[in-house]
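What follows draws every value from the coordinates through simple rules; no lab data is involved. Treat the numbers as computed from the prediction; the structure is a model and nothing was measured. Heads up, the Cβs are rebuilt from the backbone with ideal geometry, glycines too, and the neighbour counts pull from every protein chain shown.
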Amino acid sequence: MRFEAEGHVRNSSQQQVYEIVRDRLVDLVPYLDNVSVIEELSREPRNNGQHVLNRWRADPGQVPAVARKFIKPEMLEWLDHADWSDKDHWVDWRIESARLKGMYSCSGRNQIVVDGDGVRIRIQGELTVDPKKIPGVPSFLVKRVLPAIEKCPRGGSVASADSIADAMVQCPPPRWTGHGGARTMTSRKSVLCRNPSAGEGRFAG
């Protein structure tokens, strides 16, 4: 299954949006659709950027009622391996189930591109689920449960576009500063102003 999505942030620079998506996803979680937790597990410098490993957890409330009996908590978590290219303002990513290895494969690229007076977050990805590796689901019910399983990693990926653009409108992100390899956070008020158009935001300063 191939998928793509876009989100638009108005009156913002490519570098500003890129750094927020690369470094501040955790701060945007309360405003993201379909996602309840993002935990940064590691961050390593690379030749042209950074390699970041995040653990995501989908919102259990997004699972359709017909599938809740079979969708276990471990199916709602995934690891996001992201290779960021600071020069090109894109990230190549690969997602895998955090606990059920081989249940699905999902990979793609997010691009932060200049678009008029703002920036677009563009996503392209591909997801493949192996029905034989879905635990605890009778074969005759797999087709009914499969869409809910596909929605977790795919929905999390798509959140990186439209939902993140909207989240950046609602959540004034903190300013991160590094000290000796560690990151500290100081509050920053009025960074983003709300725009009545869903999925659009602008920087206030």
Practice prompt. Rounded to the nearest 0.05, what FRET efficiency do Met1 and Asp117 give with R0 = 35 Å and r taken as the Cβ-Cβ distance? Could you check?
Written response: 0.55
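Sorted by packing (mean other beta-carbon atoms within 10 Å per residue), highest first, where do 86-97, 39-50 land? If you can, show how the numbers build up before the last one.
Values: 86-97: 17.8, 39-50: 11.9.
Ranked from most to least packed, the peptides come out as 86-97, 39-50.
I need the per residue convex hull volume for the range 1-88, using only the alpha carbons, in cubic angstrom as a whole number.
Working: hull volume 11.9 nm³, N = 88.
That works out to 135 Å³ per residue.
Quick check: residue separation of Asp88 and Glu44 times 0.36 nm, minus the Cα distance between them. What number comes out in nm?
On the way: separation 44, 0.36 × 44 = 15.84 nm, distance 1.79 nm.
Between Asp88 and Glu44, full extension yields an extra 14.0 nm.
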Fill in: Label-point separation in nm, Lys101 to Asp130, each point 7 Å along Cα→Cβ
1.1 nm
Item to complete: Find the centroid of the Cα atoms in the range 1-19 and in the range 87-133, then give the distance between the two in whole Å.
Response: 13 Å
Worksheet item: If R0 is 35 Å, what FRET efficiency do you get for Glu74 and Gln15 from their C-beta distance, rounded to 0.05?
Response: 0.40
